[in-house]
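J.: Can you keep this structure in mind? I'll have questions shortly.
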Amino acid sequence: MGSMTHAYPYGSRASPRRTLHWQNPPMSIRRVVTGVNADGSSVFVSDESVEAVAPTLLAGVEFHQLWGQDEPPVAPQDGTPPGYHDFFPPAGGYRVGTFTLPPDATQSLEGIDVGAALRELEAALPGLLAHNEPENPGMHTTVTIDFEYVVSGRVVLELDDGATVELGPGDTVVQNGTRHAWRNPFDEPATLLVVLIGATPA
């Protein structure tokens, strides 16, 4: 199979399956969790590394799923990681994580079992692709309030009618259930910290 543009949320198209100067092994992120024990004292519950999810089909894209739950949070908690399933939260739930978007490119799917890669992606990040618009690469809409902070690199946020804004390190975005896509027309990856809060449809 030849080259194609593959559409997915959190990016316009995948990068080439070749070694580029900016590519490194997927990184891990240190996560320190606190909680309140049975005696009512605040304690450190865990100090560990969270490994990146780097799907085969989305070369160069990395996700770190740091925390989240499907119900409205209560506090204090004992620091046990809440259980959740889908990538995007339901109403009242939330997700905290990062994603890294490589420079825009056209990915060659030669040698890739696309069916297997799609199953791998769905297993690792359930529901991620379900919100994507196949006819509009990268465009997607979720019933969430999204807070994004650019940690490194530059990225372009696109809304309806081709409206765009360029964002760089230290910039933030608040998205209110808006249809959008992330683009990276630059020559280095962009990493964003993301908080997604599940909302009720208006």
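Where a number appears in this text, it was derived from the coordinates with a stated rule and is not lab data. Predicted, not measured: the structure shown is a model, and the values here were computed from it. Note that we place each Cβ from the backbone using ideal geometry, even for glycine, and neighbour counts take in every protein chain shown.
J.: What number, in percent, do you get for the relative contact order of the chain if the mean sequence gap of Cα pairs under 8 Å and at least 6 apart is divided by its residue count?
T.: On the way: 495 pairs, mean separation 52.6, N = 202.
This gives 26 percent for the chain.
J.: Assuming 0.692 mPa s and 37 °C, estimate D for the chain with Stokes-Einstein, Rh taken as the Kirkwood radius over Cα pairs, in µm²/s. Could the numbers behind the result be given before it?
T.: On the way: Rh = 18.0 Å.
Taking Rh from Cα pairs, D becomes 183 µm²/s.
J.: Multiply the residue separation of residue 29 and residue 77 by 0.36 nm, subtract the distance between their alpha-carbon atoms, and state the gained length in nm to one decimal. All intermediate terms of the calculation are to be shown ahead of the outcome.
T.: Working: separation 48, 0.36 × 48 = 17.28 nm, distance 2.22 nm.
Gain in length upon complete extension: 15.1 nm.
J.: Once amide H atoms are built 1.01 Å from N in the peptide plane, which residues 5 or more positions from residue 67, or in another chain, come under 5 Å H to H?
T.: Counting only residues 5 or more places away or on other chains, the set is 96.
J.: For segment 128-136, just list the computed ³J(HN,Hα) in residue order, Karplus coefficients 6.51, -1.76 and 1.60, θ = phi - 60°, integers in Hz, with x standing in for Gly and Pro.
T.: Residue by residue, segment 128-136 yields 4, 7, 5, 8, 7, 9, x, 7, 10 Hz.
J.: Specify whether the C-alpha gyration tensor of segment 97-202 places it in the rounded, prolate or oblate class, a ≥ b ≥ c being the square roots of the eigenvalues: rounded for a/c under 1.5, otherwise prolate if a/b is larger than b/c and oblate if not.
T.: Numbers: a/c = 1.61, a/b = 1.19, b/c = 1.35.
Oblate shape, in that a/c is at least 1.5 and b/c is the bigger or equal ratio.
J.: Also: By counting other Cβ atoms within 10 Å of each Cβ, how are 27, 139 ranked from fewest to most?
T.: Numbers: 27 15, 139 20.
Arranged by neighbour count, lowest to highest, 27, 139 become 27, 139.
J.: Continuing with this model, one more query. For the residues 171, 187, what sequence is obtained by ranking on other C-beta atoms within 10 Å, fewest first? Working shown, then result.
T.: Values: 171 15, 187 11.
Lowest count first: 187, 171.
J.: So, in nm, how far is label residue 130 from label residue 143 when the simple model puts each one 7 Å beyond its Cα toward the Cβ?
T.: Distance between label points: 1.2 nm.
J.: How would you rank 200, 191, 142, going from fewest to most other Cβ atoms within 10 Å of each one's own Cβ?
T.: Values: 200 8, 191 18, 142 21.
Placing the least packed residue first, the sequence is 200, 191, 142.
J.: Here's something else I'd like to know. For the chain, with the dipole built from +1 on Lys and Arg beta-carbon atoms and -1 on Asp and Glu ones, taken about the Cα centre, which of 152, 97, 162 lies farthest toward the positive end?
T.: Positive-end residue among those listed: 152.
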